Structures are given as C-alpha cells and as structure tokens.
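Enquirer: Below you'll find the structure I mean.
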Amino acid sequence: MEKLVYIALFAPLVSSLFAALFGMMPKKQFVGVVTSILLGISFVASAILAHYVYTTEEAIKVTLMDWIGAGDLHIPFGFVVDQVSVTMMTVVTLVSTVVHVYSNGYMDHDKSFNRFFSYLSAFVFSMMVLVMSDNFAGLFIGWEGVGVCSWLLIGFWYHKPDVSREENPSISPSWAANEAFIMNRIADLGMLVGLFIVYWNTGSLQYDEVFAQLPHLSGSVLNAAALALFIGAMGKSAQFPLHTWLTDAMEGPTPVSALIHAATMVTAGVFLVIRANPLFSMTPEISYFIAVLGTFVAFFAASMALVNRDLKRIIAFSTLSQLGYMFAAAGLGAYWIALFHLAAHAFFKALLFLGAGNVMHAMDDELDIFKMGGLKKVMKWTYLYMGLASLALAGIPPFAGFFSKDAIIETAFNEGTYILWAILVVTAGMTAFYSFRQVFLTFEGDERYKKYGFHPHEVYRYVLIAMSPLAILAVIAGFFKGSFEAFVTELLPEYHMSEHTHHLAWLLGLVVLAFAVGGIVLAYKKYAKGLKRDEALEATWYYKLLANQYYIPNLYEEFISKPYAMISDIFWNRVDMKIVDATVDGIAKFLYGTGDGARRMQTGNLSNYLNWMAVGAVLLLAVAAISAAIIG
Amino acid sequence: MIGLSHYLIVSAVLFSIGLIGVLRRRNLLMLFFATEVMLNAVNIAFAAISHFYGDLTGQMFAFFVIAIAASEVAVGLGILIVLYKKHGSLDLDNLASMRG
Amino acid sequence: MDNILSVLVFLPALAGLLGFVVNKESARAYGITVAAIEFLLSLWLWVSFDTNNAGMQFVELIPLIPDFGVSYYLGVDGISLFLVVMTTLMTLIGIASMSITENVKNMVVTLLFLEMTMVGVFVALDAIVFYLFWELSLVPMLYIVGAWGGPLRVYAAIKFFLYTFMGSLVMLVGMLFVAYIYHNVTGVWSFAITDWYALVLPIDYQLWLFAAFFLGFAIKVPMFPFHTWLPYAHGQAPTIGSVILAAVLLKMGTYGFVRFSLPMFPDASVMMITPIAVLSIIMVIYTAMVAYAQKDMKQVIAYSSVSHMGIIMIGMFAMNAEGISGSVFQMLSHGIVSGALFMLVGVIYDRRHTKLMSEFGGLAAIMPKYALIFGIMLMASVGLPLTIGFVGEFLVLVGFYEVSPVMTILAGTSIIVGAVYMLSVYKKSFFGPVTKEENKTLKDLTPKELWSFIPLVAIVVWLGVYPKPVLQPIDNSVKAMLAFMDEKAITQEAKDIIKVPHVSAHAREVK
C-alpha cells in the first residue's frame, strides 16, 4: 500500500517534470497524452487506496524523510491516507484526469501546449501534498505550491497587455495572477501565525500529536490558533474580504478555472477546517464566526452572480457562493456534510466550467452571454452537460447538489440558527435563478451570436466523452450520501439532526426545493425566449452596485494599492533619499567642509605658518597652565 | 646681587624679541637671526638654571643647542643661497608655492 | 591536511600574486581553475567536518605576538563552515559567469584577493586576525566598484569604504577594550575569541561593548538606518561586484553578531532584543516598500537584500535554536538567491545596457530560459516552500514568535511585501506584450550563462527539499552556543529568555 501512496503522490510530479522537459518546444501531442495517463495512474492508485481504507477502516501513514530540523522543531515529509485525505485524493485526481484529457482538446491550438501541462500537473502534485500531508508544515508546502501553480496558470497568457478596469474587470492575466498570489500571501501570513501558535503550545506540527495536546490548552490559545488558521483558509477559499481574486482568476484558461478555481484549490480552505476539526470543534465562537461568514459569502456572491454577463464570472461567483455553503456547514460542526458538498460540488462545478470552456471554444473566446443564445442547436451535448450541472448546482433532486446542499441548509435549521437558515434558503433560490439565467441565455432563445459573426461548433468527441464521468457523478453522487457518511465519520465527528428537525426534514426540503424551482421558473420566464434587456433596471443603483461587485475592487485599488504605491514612493524619494541618506551625506559634507575651511590656513607663506605656530604654542601653554592650576 | 631671576628675565626678554622677530619679519635671513636670538635666550636660561641647581646637565645642553644651531645655520644658509639664486629675493610673501 | 584552513585562506592570495604573470588571454581560465580548486578544497573541508562535534574544528594556532596575546588562530564550526563553502562557491560562479571585457586579469586577481579576505573573516578565531581580514576585504571591493563601476562609481566606492570603515574602527576600539579587560582579569593578554568567550562582563561594560561592535556589524549588514551605502554600491558596481557584495560581504556583518555579540555579551544582547527587532522590522517593511518604488531592476534587488537581511537579524535575536539556526541558514539562502538575482540582472544588462524595467516587458516570450530561472529565483526569494528561501524564513519567524508574537507578525509581512515587489518586477519585465523593438531580437541565455545558473538552481531546490545536511551542523553549533550563553548570562532576565533546547522524546524518535 505504501507504494500506492507514493504512486498516487508522485505520478503528477513525474508528469509535470516530463512535460517541463518539452516546455520550451512547440506543441507535442504526446506530452498531453502522457501526462493524462500519469494522472490517470494517480487516480487509479487513489481509488485503490480509497477502497483499501474503506474496507480495512485503517489509515496508512508513511514518512518519506526528514525535512526541517532545528531546535526542538522536527518536521518530516509524512503522509497520511485516511478517510478524509483519501476522499480528497480521489476527487482531486479524478477531476484532474478529466481536465487533463479535456485540455488536450481545449489547448489544441495553443503555442505553449507543453508548458500548460507541466503547470497543470505541478498543480495536482501540490494539491496532493496539501491533502495527504500528516502535518501542518506539509500542508503549508502544498498550500503555497498550489498558490504558485495558480499564479502560473492564471497568468498563462501573460503576453496580454493591461487594459482599463472598464474594458476588462481583471485588467490582464498577469495582473490577475499577481493579485491572486498577493491576496493569498496575506492570508498565508495568518496561516503561518497559526502554525507558530500550534507549535509553541503543543511542541509539534504533526496532526495527531497536536490534536492529542488540544485538551490541555487554554481557550484563548485555541481561539487564536483557530482564528489564525481560518484566516489562512479565507485566502485560499476566497472568502470575504479576500474574495476579489477568484473572479479575476478567470483570466486563466478555462480548464484551469475548472480544476483550480472551482473543484480543488479553492476548497483547500474548507479542507483545512475539516482537517483541523478537533481544533475548531473546541472553539465554538470561531466556528460560529466561520458559519456566519460562510453564509454571508454564499448570499453576497450569489447576489453578484445575478446580474453578471460574463459566462465564467457567473460560475466563479457561484463557486464563491458554494464555498460559503461549505464553510457554513463546517462552522456549524457538520464537517462530513461540508466534505460531502465539497466532493459533489467538485464534480458538477468542474463539469459546468468545462461546458463553459466548450462554449468559449465555439465562440472564439467570447464570454458575454448577451452575445450568445440559441446555441443548443449546434452544441447539444454541451447543453446537456451544462444543464445537468446547473440542475445539480440548483439543488434539484435527484442530482448531487440536492443531497449535499439540502443537508447544509437542514443543518442550519437544526442548529437553531434560523437567520442563517433563511439566508441559505433564499440563496438557494438565487443560485437556481442565476444558473439557469446563464444556461437559457447561452443555449435558448434567439441566436444573437449570428449578429456578431460567430460560427460556433461542437468540440471534439473525445473531449465530450472525457467529460462524461463528471456528468455521471453530478447525477448520481448524491445516492452515496449514506455510505459516504458512514465512511468519513470513522474519522470526522458524526453529525445527527435532532428528532425535531428529522420530523420536519421533508417540509424543509420542500421549502428549499420551492425556492430552487421558483428560481428556475423565473429564469425561464425572463430569458428562455430570448434576451429582453430591461434598460430601466440596468440603470438602477442596485443593479450597478451588483454589476460592479459592490465596487470592492475599486475600493481596494483606491484605498490599498494606490496608497501603498504612493507611500512607497514617499519612503524612497522623501525618507530614504532626503532624510536617511542626506544625513549620512550631511555628516560627510560637514567633515569635508571643515577641511575645506581649514585649508585657508595653508597660505604657502612661511610667515603665516610661524604666526599660527606661535598661536598654537601660546594656546598649549595656556592649557597646560590652566590644567596645572585646576589639578594642582 | 644679581640672582637667577635676573638671568631668567633677560632670557625671557631676549626670547620675546626673537619671537616678535619671527612673527613680524618677512625676510628669511632676518627670520634666521630671530631664531638664533630665541635659541640663545634659551641657552641663557639653561646656563643660569644649571648654575642655580649645581647640575651641569643644563650647561651641557646649552652646548648641544649651540652645536645644533651652528649646523642649522650652515644648512639653512645653503638653502637660502639656493633660494636667492632661484627667485632673486628672500621675501617670504613671494615664496608661497605651497598655497593650499 | 591539518592546515586546510590556512590553505583555504592563502591559496587564493598566492594564486592571485602568481596571476600577475599569467598572460591576459588565459587570466580568466586561470581564475576559474584556482576558484574551482578552492571550492573543491572547501567541499573537502565539509566532507571531513565532524557534524556531531559542535565545537571548533581544524584548529590552527601559531602565536604571532606572544607578549600581546595575538596569534594566528583559525578554526571552523557549524556556523562558519557553510559560509566558507558559500564564499568559495559564489566566487567560482562569479568568476565563471563574469562578463567583463576590460582588464580581466586585474579583476581576476582582485577577486582572488577578495576571496582570501572573505574566507579569512569566517575562519579567524583571533580578533586581530579577524579585524585584519575584515578591513582588508574593503580594499578589493573598493577597487572593483571604483574601477569597473558605472558613472557614479567613485562616489559609491568612497561612500562604501568610508562608511564601513568608520564602523569598523569603533569595533576595533571595542576589541582592544575587551582585550584590556581580559588582561585586567586574568593577567595575560589574549585576542583569542574563544578565550574572550569565557569572560563574564558586568552589564554596563557589556552594553558599551555591544554598542561598539554593533556599529561595526550593523553598517556592514546593513541595518536601517545605516543602509544607504548599499544601493549606491550595488547601483554602480559591476555584476560580479554586486554578486559578491550581496552574497558574502553582507554576511560578514551578521556573522559578526553570531560570533562576537551573542556569545560575548549575552545579557546585553537580551536587553537589546526589542530595539534590534524594531530596527529589523523597519528594515523588512520599509525597505520592501522602497524596493517597490524603484524603477531600476537592480535597485529593487539591492533594497530587497536589505529587507531580507532584516529577517536574518530578527532571527538572530530570537535567542532560541530555531531562530538562530534559521537565521544562519537564511544567510546561506540569501547569499545564493540574491547572488543569483544580481547575476540575472547582469544578464539583461549585458544585452540591453539598461536596467530600467520600463525598457523591458514581455521578456518571457523572447527569453524563456531566462524567465524560468528568474522565476525560480524569484520564488526562492519570496520564500516558497521547497525552495531554500522558505526554510530559513520559516525558522526565523517560528523562533521569534516565542519572543514576541506581535513583532513576528510584523516581520512576517515580509512574505507579503516581498511578494509585492518581486511579482511587480516580474510582471513589468517579463509579462505583457513586447513593446520595445530592441527587445524582440534578444538572445536567450548562452550555454555559459546557463551553466553558471544551473548549480545555483540545483542548490536552491536541494536545500529547500532536504536542508538537513546543512541545517544539522548549524543547529548543533547553535545549540552549544545557546547552552553556553545561558550558563554565562548573569541576569535572571537573560537566563529566562535564552532558551536552551533539550532533545525531546519526539526528536530522539525521529532520529
């Protein structure tokens, strides 16, 4: 089994290095094939491991070698394959494999085909390190690793120039990449501080040792550690106020958005909370804060998705919103439900993004859904896939999203946090509305694309086949809820609905369903017949507010980026040059000036020198006499 | 009775005359004379104090000073002659090539 | 080879003297050969170094002026060993990658002399010998900046020389005073650092002496506000000068703190934790912001050096093994990474004769190999895990967290501000469309350039993934030093703060 662990972990690394060998060469089709196969191997290994853990109910622990050892701190490269990590491994490798195969088609005409696969596989490796590590430091390796890969992949088309925010809200791929990296770094500082708190209070960074020590720690330490770690999670999972990078990250190629910014990396924050559940379950205040923030983000992001016109950004906002759901579940103590939604979401959201990729491919990278419409005639399969994924996302039974999201909403009710419950229910309605607004505007109604001169066509058949596992899982994943619960609650705390909730379960489900169906029906009425723009609505302040993401990116620019640049400039030109350096030069100038002044004594006239000598002698005599008088 | 203090006063007066000469004169030859006057003022003091203490070291030192002064004059006058040949004058105001 | 250290110190100097008779064409090959031999010798030193012994090894002791206790006294421990290895490595790579065409012979000879002084500083165990090499190292650097530098070279060279020289003089006074006290206490003269360690000084003496040494070291580091000579020196120095300056010469300052200030004045060091930490935090944040404001690529790297040295300084005053070991490791890491970054700036300067970022843009498409190596070094510089930059930075911050969480968070912003300026350099130079016509025909790295970067890239990754071979000897010596400082400290406060590490049950298990 140990070998399988290493195969699952290192196959993506080998894949990445292999592709990197050809990174600077023109497209080589076999690079795409080989990397996809290696990822497939990693998936098979993960699946076998999952089966092993499922049947034996025991975790596999391996230690590769020591990493850092200094003072009392010892960090090994240790990996653990237990119920939680194996779930993540399977989900990650499955989606990655699909995305790799898909990218063969999507990146077909790209000059940097090989480079793309190198980055993509490197990302999978980092993600595997993140989920498999048996200590916080190893998690942090993966954490930063996915950050860099995300930076590389968002900025993949780095040659595009910067444009104004009005023209493209993300400015440019390289700008979006830097924004993502820096925002994540802000959160990573929190994460690092969390590690420090854990280390100095428990003497270790190994999960099992740390969790064993937790009961001996004081409440304030636990709160501090939980808060710091959650700040880290907020960055990676793009929670408010560190959320703006996620929508800008849509500048990356669409397979990247599917894999990194929907299915895997952004869920790392949720994974962290689930992984550290012993810590978070001991800090009810922080957990409640997580749940509230999660609920807020769920609603907040959904509201921005309502009016957006960008195909990918809508899905990005919906990702944000679903991450909010996951945090709400984790914050309320239903860790396994959060993990379940994480997995189910990975399938249908990746499917949705890949579908969006197909549309973009067909539409020459056009993203404005107002310019599409009626695509169902030429893109039957993509319509089917995106429709399925949207149904799952909207939480319509029997699709995956229904089971996972309904459970979260039920949890909110069960915990007695009725306000959260109400917000989550309303958000579910909004989710259904914006998902189907997008689907209908893209695939139904009048064929607006003809006006803009596009010639859409369906993508390669193998690409469609590659997407099918995700489609199947988006449909059926929900049926495994029971066995999934049994499986992961071996490790995670169980969560049961109270008697009361249990009785009301069908009613609650019905309410959620009503909102979801209502959303879809509304979207159908408004958009299925074609686009009818409501100028009056679009001119209202609240529409503008939503369309401009509550002006938060502008606020960040005005109140953080610009002042930072300005202060930097002042520090350099005013402080460093005019004060610090000028002081040093001032001292030098003073000495130089004194010398220059004293130079006048050097007249070259012997007589003057003799006079000076006499003056000096008299002065010396005087000093001698005075000091003799004082001492004597 | 002529005592030590008289000698010392003479010495001091001579020294001051020499010093004023050094400070005021512009001619190098005159400067030399002024220096000689100062040296001899010191010699008087040496001899007088030596006698006062009954210690011959002072008088010995006076001889030493005379010897040094003699050699200094020998070398110095040589330099003066060369200078005079070169510049045609011994006026210090004309000899300021070391101006800083 | 009992005299390996003497060989290491004087081989480059003797070879440098011989270098005058080598003809001009082969000067460069000669320099590479000598530097390679020197590097192999230093590797041999590492191989035969006993990693379990925390004390001084390869000790050589020859009395020079017995009446005043001055002796030729050399030795290495885990702390200095790797600085020596790094010095020889960076000199070798520096000479190999050198792109200077004028007076190559003089440059090679100068560099070999410089190598002698740098190795000498790191292995000297006698204060006078240390001081000798310390001051001598200024001369070749003055010459390198002054003779091969840019338009302001004379100003920069003199500023560098006088500034650091002034600090060193104050340090010399401190050294003489320590020797004087030593004489008063024991009745014999000695300038041996190991003898001085045994000296227990009263607090006020410690504070004054700490201040005297501080001035010498802090200017060299350079700590805020003594840092302004550095941007000028880097701005004017030729590439090779910047590489050596950033990689090795700055480390002499931080090394001085570990070698002298901490073990000799433990109580004063503990009392000075807060002021030094404050200065270090200013270094980290303030210079990172100044770096962000720069328009010249080389100046960004120069200021980033100051910022990173702040991390090294704060780790050193963590007073626990995590922090100090991390700090020493970070010295190596910064040496390799900033050296490489300066070399990278040199590559583009050789091609375009400008370092202004506004002149570049889109280089990633034209020079992919260059962009790749720059990217790797950038990531090492911002402290990405599994690169060399992370290990030191992480340990430093872990270590200092025990002293002050708030100040650690402030210092930890280095991972943010560092990313800000480095990514902005990368974006401005490598991303975006190619706008300048001259850039369209630039050549990617030549094999010579590529091969000088490959060893550095290998080290960056190797020591990021598996730092143990280096970290462990450092850690051993640091632990020994801490135990010794704790024993020697006279105030209870210092004893409380200096943390003597114990071998925990877990550590034994891992071993």
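Quick note: the coordinates plus some simple rules give every number you see, no bench work behind them. It should be emphasised that the depicted structure is a prediction, and the values quoted were computed from it without experimental measurement. Here Cβ is always computed from backbone atoms with ideal geometry, including for glycine, and neighbour counts include all displayed protein chains.
Enquirer: Which one, A:400, C:66, A:332, projects farthest toward the positive side of the charge dipole computed for the protein assembly as shown from Cβ point charges (K/R +1, D/E -1)?
Expert: A:400
Enquirer: Additional query: Which whole-number percent gives the relative contact order of chain C, counting Cα pairs below 8 Å spaced six or more residues apart?
Expert: Relative contact order comes out at 16 percent.
Enquirer: How much length is gained on full extension from residue A:496 to residue A:44, taking 0.36 nm per residue of separation minus their Cα-Cα distance?
Expert: Computed gain between residue A:496 and residue A:44 is 159.4 nm.
Enquirer: Cα-Cα over 18 Å: which of A:578/C:159; A:3/A:61; C:295/C:443; C:298/C:428?
Expert: Violating the 18 Å limit, Cα to Cα: C:295/C:443.
Enquirer: So for the stretch A:437-487, taking the charge dipole from beta-carbon charges (+1 Lys/Arg, -1 Asp/Glu), which of A:456, A:466, A:438 sits furthest toward the positive end?
Expert: My answer, from the dipole projection, is A:456.
Enquirer: Now, a different point. Mind sorting C:325, A:121, A:468, B:50 by how few other Cβ atoms lie within 10 Å of their own Cβ, fewest first?
Expert: Going from least to most buried by this count: A:468, B:50, A:121, C:325.
Enquirer: Taking the Cα of residue A:109, stepping 7 Å toward and past its beta carbon, and measuring to each backbone N in the stretch A:358-382: which are under 16 Å?
Expert: Only A:358-367 pass the distance filter.
Enquirer: Normalising by the residue count of the stretch C:281-465, find the relative contact order in percent from Cα pairs under 8 Å and 6+ residues apart.
Expert: Across the stretch C:281-465, relative contact order equals 32 percent.
Enquirer: Along Cα→Cβ, 7 Å out, is where each label goes; now give me the distance between the ones at residue A:370 and residue A:157 in nm to one decimal.
Expert: Those two pseudo-labels are separated by 2.1 nm.
Enquirer: Of A:100, B:82, C:331, whose Cα points farthest to the positive end of the dipole of the protein assembly as shown (charges on the beta-carbon: +1 Lys, Arg; -1 Asp, Glu; origin at the Cα centre)?
Expert: Going by the charge dipole, the pick is B:82.
Enquirer: A further question follows. Classify chain B as rounded, prolate or oblate, taking a ≥ b ≥ c as the square roots of the eigenvalues of its Cα gyration tensor: rounded when a/c is under 1.5, otherwise prolate if a/b is larger than b/c and oblate if not.
Expert: Prolate.
Enquirer: If you wrap the stretch A:515-554's Cα atoms in a convex hull and average its projection over all directions, what's the area in nm²?
Expert: If I average the Cα hull's projected area over directions, I get 3.9 nm².
Enquirer: Does the stretch A:415-496 classify as rounded, prolate or oblate by the C-alpha gyration tensor (a ≥ b ≥ c root eigenvalues; a/c under 1.5 gives rounded; else a/b over b/c gives prolate, otherwise oblate)?
Expert: Because a/c hits 1.5 or more and a/b fails to exceed b/c, the stretch A:415-496 counts as oblate.
Enquirer: For a Förster distance of 30 Å, can you work out the FRET efficiency between the beta-carbons of residue B:24 and residue B:63, rounded to the nearest 0.05?
Expert: Using R0 = 30 Å, I get an efficiency of 0.50.
Enquirer: Under a point spin-label approximation (7 Å from Cα along Cα-to-Cβ), what is the residue A:378-residue C:36 distance to one decimal in nm?
Expert: Between residue A:378 and residue C:36, the label points sit 6.2 nm apart.
Enquirer: For Cα pairs less than 8 Å apart in space and 6+ apart in sequence, what is the mean separation divided by the residue count of chain A, i.e. the relative contact order in percent?
Expert: Once normalised by length, the contact order is 11 percent.
Enquirer: Quick check for me: using +1 on Lys/Arg Cβ and -1 on Asp/Glu Cβ, what's the dipole size of chain A about its Cα centre, in debye to the nearest 20?
Expert: 1720
Enquirer: Cα extents of the stretch C:281-465 along the three principal axes, largest first, in whole Å?
Expert: Largest to smallest, the principal-axis extents are 54, 32, 20 Å.
Enquirer: Further, regarding this structure: List the equivalent ellipsoid semi-axes of chain C in whole Å, largest first, each obtained as the square root of 5λ for an eigenvalue λ of the Cα gyration tensor.
Expert: Equivalent ellipsoid of chain C: 35, 27, 21 Å, largest first.
Enquirer: A further question follows. Is the shape of the stretch A:197-311 rounded, prolate or oblate, going by the alpha carbon gyration tensor and its root eigenvalues a ≥ b ≥ c, with a/c under 1.5 for rounded and a/b larger than b/c for prolate?
Expert: Verdict is prolate for the stretch A:197-311.
Enquirer: Let me ask you something else. Just the ratio, please: alpha-carbon radius of gyration of the protein assembly as shown over 2.2 N^0.38 Å, N its number of residues.
Expert: Scaled against compact globular proteins, the figure is 1.16.
Enquirer: Could you tell me the calculated FRET efficiency between residue C:101 and residue A:585, based on Cβ-Cβ distance and R0 = 35 angstrom, to the nearest 0.05?
Expert: Plugging the Cβ-Cβ distance into 1/(1 + (r/R0)^6) gives 0.60.
Enquirer: If neighbour count is taken as other Cβ atoms inside 10 Å, put C:153, A:275, B:26 in order from fewest to most.
Expert: Sorted ascending by nearby Cβ count, the order is B:26, C:153, A:275.
Enquirer: How high is the FRET efficiency from residue A:542 to residue A:577, r the C-beta distance, R0 35 Å, rounded to 0.05?
Expert: 0.15
Enquirer: Taking amide hydrogens as modeled 1.01 Å from N in the peptide plane, which residues meet the under 5 Å criterion relative to residue C:224, leaving out close sequence neighbours?
Expert: Here the answer is C:283, since their amide H atoms fall under 5 Å of that of residue C:224.
Enquirer: Label points 7 Å out from Cα along the Cβ direction at residue B:17 and residue C:492: separation in nm?
Expert: A separation of 8.1 nm, rounded to one decimal place.
Enquirer: Go through A:349/A:451; A:589/C:105; A:380/A:451; A:160/A:376; C:369/C:427 and tell me which ones have a Cα-Cα distance over 28 Å in this structure.
Expert: Over 28 Å Cα-Cα: A:349/A:451; A:589/C:105; A:160/A:376.
Enquirer: Which value at 222 nm does the protein assembly as shown reach when only helices count, each DSSP H run of 4 or more adding -39,500 (n - 2.57), with the total divided by all residues and rounded to the nearest 500 deg cm²/dmol?
Expert: -23500 deg cm²/dmol
Enquirer: Taking only Cα atoms and a 10 Å spring cutoff, compute GNM fluctuations for chain B and point out the largest among B:61, B:46, B:15.
Expert: Looking only at B:61, B:46, B:15, the biggest GNM fluctuation is shown by B:61.
Enquirer: Separate question: Along each of its three principal axes, how wide is the spread of alpha-carbon positions in the stretch C:410-469, in whole angstrom units, largest first?
Expert: 47, 35, 12
Enquirer: Among the aspartates and glutamates, which fall within straight-line cross-link reach of residue A:28, defined as a Cα-Cα distance under 20 Å, with same-chain neighbours fewer than 8 residues apart omitted?
Expert: Filter leaves A:108, A:110.
Enquirer: Counting other beta carbons within 10 Å of each residue's own, what order do A:259, C:125 fall into, fewest first?
Expert: Ascending number of Cβ neighbours within 10 Å: C:125, A:259.
Enquirer: Explain nothing, just compute: Karplus ³J(HN,Hα) = 6.51 cos²θ - 1.76 cosθ + 1.60, θ = phi - 60°, for every residue of the stretch A:24-29 in order, whole Hz, x for Gly and Pro.
Expert: After applying 6.51 cos²θ - 1.76 cosθ + 1.60, I find 9, 9, x, 3, 10, 4 Hz.
Enquirer: If amide H atoms are built 1.01 Å from N in the plane of the peptide, which residues on other chains or at least 5 residues away come under 5 Å of the amide H of residue C:126?
Expert: Long-range HN contacts for residue C:126: C:73, C:193.
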